[in-house]
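The values are calculated or read from the model by the stated rules, or taken from the named source; none is laboratory data. Computed from a predicted model, the values in this text were never measured in an experiment. Reconstructed Cβ throughout: ideal geometry from the backbone, glycine too, with neighbour counts over all protein chains shown.
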Amino acid sequence: MLDRYIEIQPIVYKILKNAVSKDKYSHAYLFETNGFYDSYNFIISFVKALLCPKKMTDSEHCNDCYQCHIIDSGNFPEIKIIEPDGLWIKKDQLIELQNEFNKKAVIGNKKIYIIKEADKLNKQAANSILKFLEEPEEGIIAILMTDNIYGILETIRSRCQIIKLKEDKNNYSVKDTLNKLSYILYKKEEIENEQKEKILKVLKFIKYYEQNHMDTILYMQKLWHDNIKNKNELEIAFEIMILYYKDILNYLSGRKIEIFNDFETELSEIANKNDIKTICNKLNILTEFKEKIKYNANTNLLMDKLIITLEGR
Ligand SMILES: [Zn+2]
């Protein structure tokens, strides 16, 4: 699984693969994600390789290893994931973690915690992480993720091995998104018009949402569920939304529109109803929700929640 990233993240891959094969790992990693769209899955594949007794890196999981199976099911007791509760990661969340980690590992000999958006640790939470990092315990590995390394205390940074992910530029091209779309949806590339149709429907949804806000929920069936049929389509649709809002951000900050040049009029109308801060907020929310897709059985509910969160309720 980690081996999937040989070409996309060659340098980091080498470092982590080496750590896995020699079982020589740091107590704390700080991943600078640089907008790499698959950063979370990448980190999970590293974690999996660390925990698997066979150090599997080339396949999804080994068939007979209990660790791999239970990680896939999302119930591995020795992996804890912490993410902002609202705007911040709060001290309570870390106290809970510390209590959990005081117990001995049930499976294997390592415990791993992953802190998403580590730049959102509030002051008290950052201090309690710092304590954790100053007195590392055997077998406990901290993984911090951030897209904003300067939002992290220097004292925390200096205690982590910093892993810089390479930005995946391809992710920004429409062609790539289209290809991915055609591959995932149709398993071939000829049906360009249909691909376009899908993208247009996502843009139509955004336009409707930007005009009607909370009322979007009332028309979700027609606007969204009738067009987006499964999880793969949903992930692609989220990718399109993220790319679109990134271009709105480009427009607002006076940079070049990278992808949606053909839609400048519509894009500028939406941009003018927002400011940079609200667009950044929307991008954060969309990215968070995109990650939730995998773990959510009820995607209908997910879209309602998305609108409610975007509306700040
Ligand atoms: Zn395994």
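Only one of the numbered conditions (1) within 16 Å of the ligand (Cβ to nearest atom); (2) free of Cβ contacts under 8 Å to residues at least 40 places away in the same chain is violated by ILE107, and that is (2).
Considering only the range 250-267, state which residues are more than 15 Å from LYS204 (Cβ to Cβ), buried (at least 17 other Cβ atoms within 10 Å of the Cβ) and at pLDDT 85 or above.
Those that are more than 15 Å from LYS204 (Cβ to Cβ), buried (at least 17 other Cβ atoms within 10 Å of the Cβ) and at pLDDT 85 or above: ASN250, TYR251, LEU252.
Of the residues that sit in the range 97-124 and are among the charged types (D, E, K, R) and within 23 Å of the chain's Cα centre (by Cα), which one is surrounded by the fewest Cβ atoms within 10 Å (Cβ to Cβ)? Out of the qualifying residues, it is ASP119. Could you tell me whether the range 27-38 includes any residue that is free of Cβ contacts under 8 Å to residues at least 60 places away in the same chain and either in contact with a Lys or Arg (Cβ under 9 Å, 6 or more places away or on another chain) or away from the ligand (no atom under 16 Å from the Cβ) (or both)? No - not one qualifying residue is present in the range 27-38.
Consider SER45 carefully, then state whether it is surrounded by fewer than 18 Cβ atoms within 10 Å (Cβ to Cβ), within 16 Å of the ligand (Cβ to nearest atom), assigned by TED's automatic domain parsing to the domain that holds ASP147 and assigned to a helix (DSSP H, G or I). Considered against the rule, which asks whether it is surrounded by fewer than 18 Cβ atoms within 10 Å (Cβ to Cβ), within 16 Å of the ligand (Cβ to nearest atom), assigned by TED's automatic domain parsing to the domain that holds ASP147 and assigned to a helix (DSSP H, G or I), SER45 comes out as no.
For beta carbons closer than 8 Å, sequence separation of 6+ or different chains, a first residue in the range 61-77 that is among the aliphatic types (A, V, I, L, M) and a second that is modelled with pLDDT under 80 and within 11 Å of the ligand (Cβ to nearest atom), the qualifying pairs are ILE71/HIS61.
Of all residues in the range 280-313, those satisfying the criterion of being touching a Phe, Trp or Tyr at 6+ places or on another chain (Cβ under 6 Å) and more than 21 Å from ASN230 (Cβ to Cβ) are LYS282, LEU283. Only residues that are in contact with a helix residue (DSSP H, G or I) (Cβ under 9 Å, 6 or more places away or on another chain), hydrophobic (A, V, I, L, M, F, W, C) and more than 16 Å from the ligand (Cβ to nearest atom) were counted in the range 56-100, giving 7.
Put simply, of SER26, SER21 the only residue that is small (Gly, Ala, Ser) and not in a loop (DSSP other than H, G, I, E, B) is SER21.
In this entry, TYR150 passes the filter for residues that are modelled with pLDDT under 85, farther than 30 Å from PHE263 by Cβ, surrounded by fewer than 16 Cβ atoms within 10 Å (Cβ to Cβ) and not charged (D, E, K, R).
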